[in-house]
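Contents: one structure, followed by commentary.
The values are calculated or read from the model by the stated rules, or taken from the named source; none is laboratory data. Fair warning: this is a prediction, and the values are worked out from it, not measured in the lab. Don't worry about glycine lacking a Cβ; one is built from the backbone with ideal geometry, like all the others, and counts go over all protein chains shown. What goes into the accessible areas is simple: the full protein's heavy atoms, side chains included, and nothing from ligands, DNA or RNA. Shrake-Rupley method; radii C 1.70, N 1.55, O 1.52, S 1.80 Å.
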Amino acid sequence: MPRRATVPAEVWADGVHPVPVRTGSIPAIARAGERQGLLFSPAEWTRIRAYFKAEGREPTDVEMAALAQSWSEHCSYKSSKVWLKRAFRGLNPPRRVLGTGDAGVLAFDEGYAYAIRAESHNHPSAVEPYGGAATGIGGILRDVLAVGAKPIALADPLFFGPIDGTGGKPPKGVHPARWLMSGVIAGIRDYGNRVGVPTVTGSVSFDPSYSVNPLVNVACLGFLPRERLQPNRANRVGDRLVLVGGLTGRDGIGGVAFASRELTSRSEDESRGAVQLGNPIMKEPLIHACLEAFDRDLVRGVKDLGGGGLAAASGELAYAGGFGMTVDLDLVPVRESGLQPWEVWISESQERMILDVRPDDLDTLLAVFRRYDVPATAVGTVTAGPFEEIRWHGQLAARLRLAFRVDPPLLTRPQRRRPSPKRRPPKVPDDAIGALAEELLLAPDSVSRESIIRVYDHAVQGRTVIFPLQGHMDSPSHGDASILRPRPESWRAIAVTVASQPWACREDPSRGAEWTVEEAARNLYAVGAKPDALTDCLNFGSPEDPLVMGDFVATVDGLARAAKALGLAVPSGNVSFYNHGLGIEVPPTPVLFATGIVPDLRHAVTSDLKQVGDPLYLIGKSSAALGGSLYARRRGLKGLPIPPVDPGYVRRAGDRLLGAMARGWVRAAHDVSDGGLAVTIPEMAFGGAMGFQASLDATGLAGPGSALVAEGGSRWVVEVGADAAKAFEHAMRGLGVTRLGEVTESGGEFLWGPKLLDSLDLGRLYERWRAGLDAVGRR
């Protein structure tokens, strides 16, 4: 590399300090850097040293702070990008996928599009659950806003340690799971409700592997006219970079570095300052001001300020356009005095966006934001590059090649695959079927989530038409997906759902991932939606562990295979590594936020039973494999094969099911997942305040115990109008559809052939089930 001209020392701004890297051993430099929060690998320190030796100078603290953020796993995806590009190539045809920037944008109809994105806020929520979860919601709203979409729905898949006392006392420095859960739900509630975006789908799951490192994943759906679609890149030399939104403070400094290392017993004390402070009261006018600026064609490019703050957002915006930039840090509006330039540069203070604006439009844009009482300040300019020049009171604070800072080398880390499970499935007892059904129904992973759903406003904005709770007002039960009607003049709608199967992925990451995609698709088909797209949040342990990387690659491959088989686009996603600590690592946890198109809302279906005497059908071939099942988890059974997966079958059967729904034959549908038929059928009965009679031998399995608890086989239970039964059977022929039973007035009966195995007092059981998580561990 040729030697570059040295920047004279007198040019550097006061308050900017050199960081020695050109002399001394790499291990010694790394130890010194770690004390300053600069977490680079030896290879990265070597690359940094070579760069600044060629520059003929030491780096400044502003430069090193920015490099630490941009090269973090959280910002760079350096360990995952190679595998993501390989797996998902070809899944996003341009006619369907209109953009793949901060959020994926997909065609909805001729004039409109929708946007989806998922994100994680795991580490912040582990040390400060309320603030961590709230700012997770704030960040996902900005991701969708950054492509020009108005946020119209939120989702919150959550994972905690046990709350029923089975997990024992948490390790030192780790909060109890129930306390973490309460704080997280409150943070999501307060931020989402106050900013006026409904939370319409989600999940709450429990496992000892999440005791140290809970997973707080969030997702957002946005809607936009196609002409409002915004690029996440700078437009041309001379454009102004305008920072809009909240003021900058010391909160969130080093947040992405914190998210890129494992949790310890000292994390709360050492890293609380890395958790951002949310302000939903600023977010709402920021959204309105941005949307007006987009509609008036005042913005040429946009990025949200999330991980890495202004340094990451402005650098990525300029680099994506092939430009450089100048930024004056002293122009950044701050909410406290005494901030150092490096702190201003990497602060992750919330509710901020960076806009590329033509000079001729600057005054008009600033006037728009003044009208909404939202701060807006021109802090920089797009340049020809290849350098970024960051100033502090008129003097240099940083000068780096932008490509060097924001585009670090990708890694192909060692990986090792785990052996496939070989243990034979255990024999499920065939006696006490009623007690077994009650056990699974009242498990923490099954009981009603009504107490959580009710604290979220899922009706604000008036677009939600199928709600997360379905059935009678006085006996609501769980549905598979929610449906939103984005345009009141059209019956075309969007269904949204979440899916995850970490227990299946722990047994077999590749097939478990396929199962997860299948579950998302089944949820959408169950309400009358054609699966359209998914965005993922991939939660794993340390990428430095070859077993974790083996799990990651297998999971990504499985997701891509199933998405392709089901015709799903995958236009966006998120990777969260380092979800481990104190010797406990989360299992492979791919979390999906999936969307489906409802061609005609009038044909949508809910999960609650409707009419006494209607036949119940089981769609799909059952499997006795119990790997990852609720039954196996409650008995500590691991190393079991998971059920076979067949996403191609799900697509064929689901499309045929949609046809039956369009003809008005199907009155209720529910996919078979956690807990098998033991949970699926009672949930349908709960919502309809009715009963059922179900013949477990219809599954084709060897015994009633296995038939009751098995979860696999890509299955649904559907209620069909009695007068449409023959037509339904004819339409579904060749797909393994069997008559399961019928809807009754009350009570739940499980049969094996003509023999009554056991019956459930559904009224009494519903009251215990509806008591929900508040009663878990306290009965």
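Here are a few things to note about the model shown:
- With respect to the conditions (1) in contact with a strand residue (DSSP E or B) (Cβ under 8 Å, 6 or more places away or on another chain); (2) closer than 19 Å to residue 83 by Cβ; (3) of a type in the set (Val, Ile, Thr), residue 527 lacks only one, and its number is (2).
- Test: residue in the range 358-366 that is over 13 Å from residue 242 (Cβ atoms) and at pLDDT 95 or above: yes
- Hits in the range 454-500 (condition: closer than 24 Å to residue 770 by Cα and among the polar types (S, T, N, Q)): 464, 470, 475, 477, 482, 497, 500
- Unmet criterion (only one of (1) under 19 Å from residue 668 (Cβ atoms); (2) touching a His at 6+ places or on another chain (Cβ under 6 Å)) for residue 464: (1)
- Restricting 519, 585, 544, 489 to residues that are open to solvent by 10 Å² or more (accessible area, probe 1.4 Å), of a type outside the set (A, V, I, L, M, F, W, C) and either touching a Leu at 6+ places or on another chain (Cβ under 7 Å) or closer than 17 Å to residue 671 by Cβ (or both) narrows the list to 519.
- Hey, residue 739 of a type in the set (Lys, Arg) and loosely packed, with under 15 Cβ neighbours inside 10 Å or not: yes
- Of the listed requirements (1) assigned to a loop (DSSP other than H, G, I, E, B); (2) of a type outside the set (D, E, K, R); (3) at pLDDT 95 or above; (4) closer than 17 Å to residue 626 by Cα, residue 437 misses just one: (1).
- Qualifying positions in the range 715-736 - open to solvent by less than 20 Å² (accessible area, probe 1.4 Å) and farther than 22 Å from residue 756 by Cβ: 715, 716, 718, 720, 721, 724, 725, 728, 732, 735
- Failed criterion for residue 757 (all others in (1) surrounded by fewer than 19 Cβ atoms within 10 Å (Cβ to Cβ); (2) more than 37 Å from the chain's Cα centre (by Cα) hold): (1)
- Across the range 609-634, the number of residues qualifying as open to solvent by less than 20 Å² (accessible area, probe 1.4 Å) and in contact with a strand residue (DSSP E or B) (Cβ under 7 Å, 6 or more places away or on another chain) comes to 8.
- Number of positions in the range 144-197 that are part of a helix (DSSP H, G or I), of a type outside the set (Ser, Thr, Tyr) and open to solvent by less than 40 Å² (accessible area, probe 1.4 Å): 14
- The one condition in (1) within 25 Å of residue 562 (Cβ to Cβ); (2) open to solvent by 10 Å² or more (accessible area, probe 1.4 Å); (3) not in a loop (DSSP other than H, G, I, E, B) that residue 669 fails to fulfil: (2)
- Flag if residue 712 is open to solvent by less than 10 Å² (accessible area, probe 1.4 Å), in contact (Cβ under 8 Å) with a residue 60 or more places away in the chain and in contact with an Asp or Glu (Cβ under 8 Å, 6 or more places away or on another chain): no
- Residues of the range 434-454 classified as among the hydroxyl-bearing types (Ser, Thr, Tyr) and buried (at least 18 other Cβ atoms within 10 Å of the Cβ), total: 2
- Summed over the range 606-642, the residues that are over 24 Å from residue 533 (Cα atoms) and in a loop (DSSP other than H, G, I, E, B) give a count of 24.
- Within the range 118-134, considering residues that are closer than 19 Å to residue 456 by Cβ and over 14 Å from the mean Cα position of the chain (by Cα), the one most open to solvent (accessible area, probe 1.4 Å): 130
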